[in-house]
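The next block holds one structure in the form of structure tokens; read it before the comments.
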Amino acid sequence: MASDMHYIQFPLHLIDSIPEKLTEIIRYGIVRYGSTFSIKRHDVFRQIVYLYYKDELPYVLSGEINSLINAGLFTNNGDYAGFDSEGHFDPDENIDELIESWNERPDLYKLCVQVYQIHLATDSLNLTDYRYLDVICDYNTINVQVQKFEKKYGNDALTSISLKMAFDYRDNDKGYSEIELLKAFLAIKSLQGKAKLCETNKAAIIMRMTGARSKEVLKEKSKTNINKRLIEKFNKRYHIDKLLTDLRICRFIQSKLPNNRSLFISTSLNDRELAKAAFELIKRKEQKTQKSIIKKQENEAKNLLNQLLQGT
């Protein structure tokens, strides 16, 4: 289990794979999170040795170590599992053997790094019910899909979900309206990013609910029956307004504030906080616009002065 403060990120276009591929998406997010940890070679191999004696390594790595043992290149300390007589885990001899034997095997070291980073991620996320091989296989499957998508459309936007919410939707049957709420929440999270609020509109939310960040992607996403029905339904004002209200009632979002044709939304700020933050955002945009106008006027005046000087 994990606390509800633990989040994973994944590309927006995977939304239309929810809830069917939620397990794979969770595992993709775990590996993606793990890749953000910095590592040291010694620590990587220390964990690999520990997992070998615990019989928890992917079979590719455990098989390679068994081959080293058979060749006399790895000292099998199976009786003590790498621990010394005082109960301290001290596998330095095994670590040195792996470093020397796999020095020319970048493929194995890359896999070792991935296993170690998954260990760091799952430890940080307080996850215990997983197998390295399952996580890696599902990550690789999703990553192929992500790479294919981004090769065609460019880097995708990211959305995020708490592990508590992800496990709830993975482990419990949800009605279609509940799945729509989740997709709307993920759409909003992709718009808000790391900020405390986002300024958006209903059309943008609907588009992102299909997994599309642009009209180009939407053309492809809208070909599926599920997304066709979703777009048709929420293009009607009653349904999109009800969806936004339900997001608030179910606490997917904490506040929303219409402003002319735009909509301010926050997943963390209350109504008063959102109003103040929206005001500050509007002011910053006005100042930025004013600075651009002033700069343009100054450039025009400078060009005019140069023309006058050249004419004298």
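Read-outs throughout are calculated quantities, based only on the coordinates presented, and are distinct from any laboratory measurement. Computed from a predicted model, the values in this text were never measured in an experiment. Note that we place each Cβ from the backbone using ideal geometry, even for glycine, and neighbour counts take in every protein chain shown.
For the residues 270, 172, 260, a GNM of the chain with alpha-carbon springs under 10 Å puts the largest fluctuation on 260.
Take the Cα of residue 155, step 7 Å toward its Cβ, do the same at residue 290, and the gap between the two points is 3.3 nm. Build a GNM of the chain with springs between Cα atoms under 10 Å apart, and of 148, 21, 291 the one that fluctuates most is 291.
Taking the fewest neighbouring Cβ atoms within 10 Å as the starting point, the ordered list for 149, 83, 10 is 83, 149, 10.
Across the range 281-287, coupling constants 3J(HN,Hα) worked out from phi with the 6.51/-1.76/1.60 Karplus curve, θ = phi - 60°, read 5, 4, 4, 5, 5, 5, 5 Hz, and Gly and Pro carry x. For the chain, with a Gaussian network of springs between Cα atoms less than 10 Å apart, report the residue from 210, 267, 75 with the top mean-square fluctuation. Judging by the Gaussian network model, the answer is 75. The GluC sites (Glu not before Pro) found in the range 9-82 that occupy coil by DSSP, while having at most 13 further C-beta atoms within 10 Å, are 20. Please determine, in degrees from 0 to 90 and to the nearest 10, the orientation of helix 225-234 with respect to the longest principal axis defined by the Cα atoms of the chain, where the helix direction is its Cα long axis. Orientation of helix 225-234: about 40 degrees from the principal axis. Distances between placed amide hydrogens fall under 5 Å for residue 259 paired with 264, all partners being 5 or more residues away or on another chain. Derived scalar couplings between HN and Hα for the range 125-140 equal 8, 6, 9, 10, 8, 7, 10, 4, 4, 4, 4, 5, 4, 5, 4, 4 Hz in order, rounded to whole Hz, by the Karplus curve 6.51 cos²θ - 1.76 cosθ + 1.60 (θ = phi - 60°), x for Gly and Pro.
Considering the values (i) 148; (ii) 236; (iii) 161, which represents volume of the Cα convex hull per residue in Å³ as calculated for the structure under consideration? Only one option fits the structure, namely (ii). Placing pseudo-labels 7 Å out from each Cα toward the beta carbon at residue 103 and residue 130 gives an inter-label distance of 3.3 nm. Where only DSSP H runs of four or more residues are counted, the chain gives -20500 deg cm²/dmol as its mean residue ellipticity at 222 nm, each run worth -39500 (n - 2.57).
Applying 1/(1 + (r/R0)^6) with r as the Cβ-Cβ distance of residue 69 and residue 20 and R0 = 35 angstrom yields a FRET efficiency of 0.25. In sequence order, the range 96-111 has phi-based couplings of 4, 5, 5, 4, 5, 6, 9, 4, 9, 10, x, 5, 6, 5, 4, 5 Hz under the Karplus curve 6.51 cos²θ - 1.76 cosθ + 1.60, θ = phi - 60°, and Gly or Pro positions carry x. Fully extending the segment from residue 83 to residue 38, taken as 0.36 nm per residue of separation minus the present Cα-Cα distance, adds 13.6 nm.
Database remark: amide H of residue 74 closer than 5 angstrom to the amide H of 69 (H placed geometrically; neighbours at sequence offset of 5 or more, or on other chains; Pro and chain starts carry no H). Relative to the longest principal axis of the Cα atoms of the chain, the long axis of helix 22-34 lies at roughly 80 degrees. Take the Cα of residue 282, go 7 Å toward its beta carbon, and the backbone nitrogen atoms of the range 227-267 under 16 Å from that spot belong to 256-266.
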